[in-house]
Amino acid sequence: MDHDGDRQAISQAVLDALDEGELRDLLVQAAVQAFNRGYVTLTPKEAAKALGCGERFLLDGCNKHGFPYIGLGKAKRFGPAELRQIQDMCRVPAQPARLAKARAARRKSS
């Protein structure tokens, strides 16, 4: 077996030894490390999934609302810094619930 074959066999043995939860955790950890090191840029579809929004929302945000992105020709890509900035732009400050406001108003009037 060549070096690549050995590496592939070892990798497969490790993957076979992990249960589904452990494998998922390992994949997420590897993806986060690669992403945080700037090795990865995501397509709009992947970035939307990472942000938990729709692809159309993300692209409209880039085109109409100034969401940051990496432009590669006509293609839009998103790195860690861009995703964090988009999250910050979409952050909604905490607001008291309507019920809490109504209760506070009743207390003041009593």
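The values are calculated or read from the model by the stated rules, or taken from the named source; none is laboratory data. Quick caveat, the model's predicted, so the values are computed rather than measured. Here the Cβ positions follow ideal geometry from the backbone for every residue, glycine too, while neighbour counts run over all protein chains shown. Just the protein is used for accessible areas: all its heavy atoms, side chains included, with ligands, DNA and RNA removed. Shrake-Rupley method; radii C 1.70, N 1.55, O 1.52, S 1.80 Å.
Annotations
- Take the chain with all the other protein chains still there, run a 1.4 Å probe, and you get 80 Å² of accessible area per residue.
- Chymotrypsin sites (Phe, Trp or Tyr not before Pro) restricted to segment 1-103 and DSSP loop, no more than 13 other C-beta within 10 Å: Tyr39
- Heavy-atom accessible surface of the chain: percent carbon and sulfur, 1.4 Å: 53 percent
- Candidate cross-link partners of Lys45 among the lysines, defined by an alpha-carbon separation under 17 Å and a same-chain spacing of 8 or more, comprise Lys74, Lys76.
- Here the chain is treated as a Stokes sphere of Kirkwood radius computed over C-alpha pairs; at 37 °C and 0.692 mPa s its diffusion coefficient rounds to 183 µm²/s.
- Magnitude of the charge dipole for the chain, about its Cα centre and with charges confined to Cβ atoms of Lys, Arg (+1) and Asp, Glu (-1), is about 1660 debye.
- Residue separation of Arg103 and Glu46 scaled by 0.36 nm, minus their Cα-Cα distance, works out to 16.2 nm of gained length.
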